[in-house]
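**Q** Pasting a structure here, questions to come.
Only the coordinates and a few stated rules stand behind these numbers; no lab work does. The model shown is predicted, which means the values in this text are computed figures rather than measured ones. We place every Cβ from the backbone using ideal geometry, glycine too, and count neighbours over all the protein chains shown.
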Amino acid sequence: MQALRIYAGPKALVHLREHGLQPEHVKVIPGAAGGPKGLLLGPLDRFLFGEWLLKSSHPVDLVGASIGAWRMATACLNAPVQALQRLERDYIHQHYELSEGQKRPTAAQVSEEFGRNLTTFYGGRIDEVLHHPRYRLHVVTSHGQGLLHREHPWLTPLGYAGAFLRNLVHRPAMGASLERVVFSTHAELPFDARDFRTQQVPLTVDNFMPAVQASCSIPFVLQAVHHIPGAPTGAYWDGGITDYHLHLNYQGLVLYPHFQKAVVPGWLDKALKWRHQATAFLDNTIVLAPDPEWVQTLPNGKLPDRSDFITYAHDLSGRVKAWTGAALASQQLADEFAEWLHNPQVDRVRPL
């Protein structure tokens, strides 16, 4: 069974027919939010950043939210293959001690542990990310407005209820509750940000750790991050809230390793199926995604996801085994993409 499906927007499909796909063609690589689902993309990341893109020397913009920000920042480190392997290993083995009768860790527990892990992972190496000779990193976060400007035990749930209703009516209206703040190593964004309320902030040594932690801070699962140096005041949460799968108006050809075909705009759009269709924003985008039937062959017949923390709450070895199995199986995605690049059959490419 083939594992990989390749999808392309209409302009990207024309490009593939006329020019094929070479490393120098790629201008942007996004990394979606999605927690453990991102484990499926490890082998593709290692192939792209450790082999294929090394055949070119042009600048590439890396845009990430949540685990996608962690992946893209790691790709900017020296020896990216080893760094990405470590990310995969560390993510699979993350563990939170639970007290008797406790079903899940508190947000404070997860935030404290995650902060320590980031410090261990990137400590002494932030300059490698900020000054990469080719890759320009953009870390997406969600900045609270109104009731969400500060984290609060009962105002925050009310604020997110308001965000849900605003988003339901009109996605840009959610900007009254949450704005997109992008921490960047480059002055220009690789997408037109007029679709949603947006601010851009320089990514620096002082704000790198809190910006990446904020981009990964799922509401109610982790605590919000406050007082990020150089950024507007207030609470910052997971970048996936405003931009779940980074459905953005990109400039230039986009190569998107993703864990599904649909590029969902925001986290609150997950249940709004009418917003899961491709728009003109993705006309220049090539999506690499697993075949849904192949996904059923993975452990538990699905992608790794956050529900596994509950399923395996007191069985760390069971979760590690399931996630490791999925990560190992996903090598087939990278192998099939490398094979396709060697013999690009455009008729295998499906409309996005």
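**Q** Among the residues of segment 88-127, what is the count of those that are basic (Lys, Arg) and touching a residue at least 40 places away in the same chain (Cβ under 8 Å)?
**A** Looking only at that region, the number is 3.
**Q** Report yes if some residue within segment 191-202 is under 30 Å from Arg104 (Cα atoms) and not in a helix (DSSP H, G or I); otherwise report no.
**A** no
**Q** For the structure I just gave you, tell me whether Ala313 is in contact with a Phe, Trp or Tyr (Cβ under 7 Å, 6 or more places away or on another chain), more than 14 Å from Gly35 (Cα to Cα), surrounded by 14 or more Cβ atoms within 10 Å (Cβ to Cβ) and of a type in the set (A, V, I, L, M, F, W, C).
**A** When the stated conditions are applied, Ala313 does not pass them.
**Q** Can you work out which of the residues in segment 56-110 that are among the polar types (S, T, N, Q) and surrounded by 23 or more Cβ atoms within 10 Å (Cβ to Cβ) is farthest from Pro265 (Cα to Cα)? If you could, list the steps in order and put the result at the bottom.
**A** Of the residues in segment 56-110, the ones among the polar types (S, T, N, Q) are 56-57, 66, 74, 78, 82, 85, 94, 99, 102, 106, 109.
From what's left, surrounded by 23 or more Cβ atoms within 10 Å (Cβ to Cβ): 66, 74.
Working: Ser66: 14, Thr74: 24 Å.
Ranking the candidates gives Thr74 first.
**Q** Select from segment 1-55 the residues that are part of a loop (DSSP other than H, G, I, E, B), surrounded by fewer than 17 Cβ atoms within 10 Å (Cβ to Cβ) and not polar (S, T, N, Q) and list them in ascending order.
**A** Met1, Gly20, Glu51
**Q** Among the residues of segment 162-171, which ones are under 24 Å from the mean Cα position of the chain (by Cα) and surrounded by fewer than 18 Cβ atoms within 10 Å (Cβ to Cβ)?
**A** Passing the criteria: Phe164, Leu168, His170.
**Q** Where in segment 239-351 are there helices (runs of 4 or more DSSP H), lying wholly inside it, with at least 1 residues that are in contact with a strand residue (DSSP E or B) (Cβ under 9 Å, 6 or more places away or on another chain)?
**A** In segment 239-351, 292-295, 331-342 are the helices (runs of 4 or more DSSP H) which contain 1 or more residues that are in contact with a strand residue (DSSP E or B) (Cβ under 9 Å, 6 or more places away or on another chain).
**Q** Go through segment 58-70 and give me each residue that's part of a loop (DSSP other than H, G, I, E, B) and either in contact with a helix residue (DSSP H, G or I) (Cβ under 8 Å, 6 or more places away or on another chain) or without any contact (Cβ under 8 Å) to a residue 24 or more places away in the chain (or both).
**A** His58, Ser66
**Q** Moving on. Pairs please, first residue from segment 203-231 and assigned to a helix (DSSP H, G or I), second anywhere and among the polar types (S, T, N, Q) and buried (at least 21 other Cβ atoms within 10 Å of the Cβ), Cβ atoms under 6 Å, 6+ apart in sequence or on different chains.
**A** Ala214/Thr141; Ser215/Ser66; Ser215/Thr141
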